[in-house]
Amino acid sequence: QVQLVESGGGLVQAGGSLRLSCAASGRTFSRYGMGWFRQAPGNQREFVATVSDNGARAYHADSVKGRFTIARDNVKNTVYLQMNSLKPEDTAVYYCNVRLTGQDYWGQGTQVTVSS
């Protein structure tokens with residue numbers, strides 16, 4: 001079955017960096033876009049970034065543009081989120097996403113905490 005596993009979260013101070021990884025398994029994902037979402041306590045899950053099937057195109061939310069970069073490695077079936085210049089408001093659980101044949105799949109999330 002399809003499985004997404006996020007890793008790389010942790011506790012960092014403002015201005016620091018983290019690199020999140022999402023390892024996908026169960027099938028080949030090279031024909032599908034993938035993305036990252038996040039959810040802070042009391043908030044709805046919000047879009048962070050997406051990357052196209054071949055990695056050629058990407059879109060980042062305004063709140064993270066210029067600081068975060070999404071990328072993928074289709075050989076490894078892995079998508080990454082490089083997070084630089086982190087701010088306390090980036091604190092959230094980050095989720096990996098892929099849509100296969102009209103159905104969304106999500107990982108369990110990885111916690112990112114940014115202290116001031």
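Scan ALA56, ALA24 and give me the residue that is among the small types (Gly, Ala, Ser), open to solvent by 60 Å² or more (accessible area, probe 1.4 Å) and farther than 25 Å from VAL114 by Cα.
Details: ALA24 fails: open to solvent by 60 Å² or more (accessible area, probe 1.4 Å).
Testing whether each residue is among the small types (Gly, Ala, Ser), open to solvent by 60 Å² or more (accessible area, probe 1.4 Å) and farther than 25 Å from VAL114 by Cα leaves just ALA56.
Applying the condition of being part of a strand (DSSP E or B) and out of contact with any Leu (no Cβ under 7 Å at 6 or more places or on another chain) to segment 27-47 and asking which residue is surrounded by the most Cβ atoms within 10 Å (Cβ to Cβ) yields MET34.
Considering THR110, THR78, THR69, which residue is touching a residue at least 24 places away in the same chain (Cβ under 8 Å) and either over 16 Å from SER25 (Cα atoms) or among the small types (Gly, Ala, Ser) (or both)?
Values: THR78 fails: either over 16 Å from SER25 (Cα atoms) or among the small types (Gly, Ala, Ser) (or both); THR69 fails: touching a residue at least 24 places away in the same chain (Cβ under 8 Å).
On inspection, the qualifying residue turns out to be THR110.
Just one of the listed residues (VAL5, VAL51, VAL12) is open to solvent by less than 20 Å² (accessible area, probe 1.4 Å) and in contact (Cβ under 8 Å) with a residue 24 or more places away in the chain, namely VAL51. Applying the criterion of being among the aliphatic types (A, V, I, L, M) and assigned to a strand (DSSP E or B) to the residues of segment 59-76, the residue that is least open to solvent (accessible area, probe 1.4 Å) is ILE70. Selection of segment 77-102 for residues being of a type outside the set (Ser, Thr, Tyr), modelled with pLDDT of 95 or more and open to solvent by 50 Å² or more (accessible area, probe 1.4 Å) yields GLN82, ASN84, LYS87, PRO88, GLU89.
The values are calculated or read from the model by the stated rules, or taken from the named source; none is laboratory data. Remember, predicted model here, so these are calculated numbers, not experimental data. Don't worry about glycine lacking a Cβ; one is built from the backbone with ideal geometry, like all the others, and counts go over all protein chains shown. Accessible surface areas use protein heavy atoms only, side chains included; no ligands, DNA or RNA. Shrake-Rupley method; radii C 1.70, N 1.55, O 1.52, S 1.80 Å.
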